[in-house]
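What follows is calculated from the coordinates using simple rules that are stated; it is not laboratory data. Since we're looking at a predicted model, the values are computed, not measured. Neighbour counts run over all protein chains shown; Cβ positions are idealised from the backbone, glycine included.
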């Protein structure tokens, strides 16, 4: 009987883990395929993003098409948008790690590319408003 109970608990734990939603899904989401106005490269950088807290604020940095995509993806009452924009090597990378802590924290890190080409980079992330974030 004890063996059956252990097997049953193990099975439900495994099945529950398979169907559970990803833990970070509501913390951070990257919006891709957006184009920005040139002003975003003056306001943001690879280590200091622009924080967009409303569509009106976002109009400084994005055109109508991009704002339409943002308005569909973001609830500004519960979320904010981080916009990183810079010009640099085509191999430049901006990544993030979600730290296991309470309150939740997201740590962004920039890695310089080695090529000498010049490329415009735009990274747009939607975060829950109560999530703490920083750039290393």
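Averaging over all projection directions, the Cα-based convex hull of region 62-136 occupies 6.0 nm² in the image plane. By the beta-carbon count within 10 Å of each Cβ, the least crowded to most crowded order of 94, 122, fewest first, is 94, 122. Cβ crowding within 10 Å, taken as a proxy for footprinting-reagent exposure, orders 112, 93, 128 from fewest neighbours to most as 112, 93, 128.
Neighbour counting of Cβ atoms within 10 Å sorts the residues 115, 29, fewest neighbours leading, into 115, 29. Placing pseudo-labels 7 Å out from each Cα toward the beta carbon at residue 112 and residue 71 gives an inter-label distance of 4.1 nm.
Given contacts defined as C-alpha pairs under 8 Å and at least six residues apart, what's the relative contact order of region 24-135, whole-number percent? Present the calculation step by step, with values, prior to reporting the outcome.
On the way: 209 pairs, mean separation 37.3, N = 112.
Relative contact order, region 24-135: 33 percent.
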